[in-house]
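Any read-out appearing in this document is the output of simple, stated calculations on the displayed coordinates, not a laboratory observation. All values derive from a computational prediction rather than experimental measurement. As a convention, Cβ positions derive from the backbone with ideal geometry for all residues, glycine included, and neighbour counts pool all protein chains shown.
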């Protein structure tokens with residue numbers, strides 16, 4: 001089953017010109033795909049199209065069986081529950097504990113306290129943060145904070161996890177801690193899209209690599225070497 005389908009997708013910004021040009025991309029259910037390319041290549045625009053922060057100028061996007069052409073604005077929040085997103089800069093709430101940061105994602109969709117108390121510890125265990133629920137972000141390492149962000153992104157059991165440069169601010173050890181968590185989540189059945197500039201991670205992961213340059217996909221290889 002195809003989880004993500006982009007068919008001849010073009011995105012043009014009036015002031016900046018063309019960000020993506022006739023992109024074709026198919027991602028299967030439960031696949032792990034690494035997206036690489038230089039800054040300004042169009043990677044961020046691609047992710048914004050998938051989360052419906054932006055709309056394509058032309059072309060077709062279908063994610064999880066949802067045709068974006070037919071997607072009403074009021075249904076966008078429902079779509080975004082299917083897509084977890086992790087950023088380079090964590091975006092954690094500094095005045096809330098680890099548990100509260102993850103629980104917040106469930107509170108905003110109306111989950112009850114009993115179910116939250118049952119669910120959050122399980123997810124913290126998955127990302128290797130068992131026993132850290134009462135800690136605050138300032139008490140954690142960068143790698144631990146990123147794993148809190150991942151826990152928050154997956155706690156609603158999304159079909160897709162987008163990790164946008166999640167290791168960009170981390171040293172090699174903590175970067176690999178994060179990558180192993182992403183692999184674990186993928187083994188549980190979540191489709192993962194990872195953007196990164198880290199050549200070592202790309203080469204060692206040995207996953208499908210999609211290279212974007214100047215708004216176009218210039219290479220799409222299974223277990224490819226990273227060249228930009």
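Quick look at the numbers
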quantity: Cα-projected label distance for residue 93 with residue 81, points at 7 Å along beta-carbon direction, nm; calculated: 1.9
quantity: Shape of segment 1-40, Cα gyration tensor, a/c cut at 1.5; calculated: oblate
quantity: Angle between the chain longest axis and helix 142-154 axis [Cα atoms, degrees, rounded to 10]; calculated: 80
quantity: Overall form of segment 95-157 per C-alpha gyration tensor (a/c, 1.5; a/b vs b/c); calculated: prolate
quantity: Helix-only [θ]222 nm of the chain, DSSP H runs n ≥ 4, -39500 (n - 2.57) each, per residue, nearest 500; calculated: -9500 deg cm²/dmol
quantity: Calculated FRET efficiency for the pair residue 117/residue 2, C-beta based, R₀ 45 Å, to 0.05; calculated: 0.80
quantity: Most fluctuating residue given options 110, 133, 42, as computed from a GNM of the chain linking Cα atoms under 10 Å; calculated: 110
quantity: Correct choice for volume of the Cα convex hull per residue in Å³ that was computed from the model, options (1) 159; (2) 127; (3) 138; calculated: (2)
quantity: C-alpha center-to-center spacing [segment 188-222, segment 85-102] in angstrom; calculated: 25
quantity: Between 0 and 90°, nearest 10: helix 172-187 axis offset from the chain longest Cα axis; calculated: 80
quantity: Packing-based ranking, highest mean first, of 56-64, 31-39 given that Cβ atoms within 10 Å are counted; calculated: 31-39, 56-64
quantity: All-pairs Cα distance distribution in segment 133-219, expressed in whole percent, bin size 10 Å; calculated: 15, 47, 31, 6, 1
quantity: Antiparallel DSSP beta bridges within the chain, percent to nearest 5; calculated: 55
quantity: Between helix 113-126 and the chain: long-axis angle, C-alpha atoms, 0 to 90°, nearest 10; calculated: 70
quantity: Overall form of segment 9-72 per C-alpha gyration tensor (a/c, 1.5; a/b vs b/c); calculated: oblate
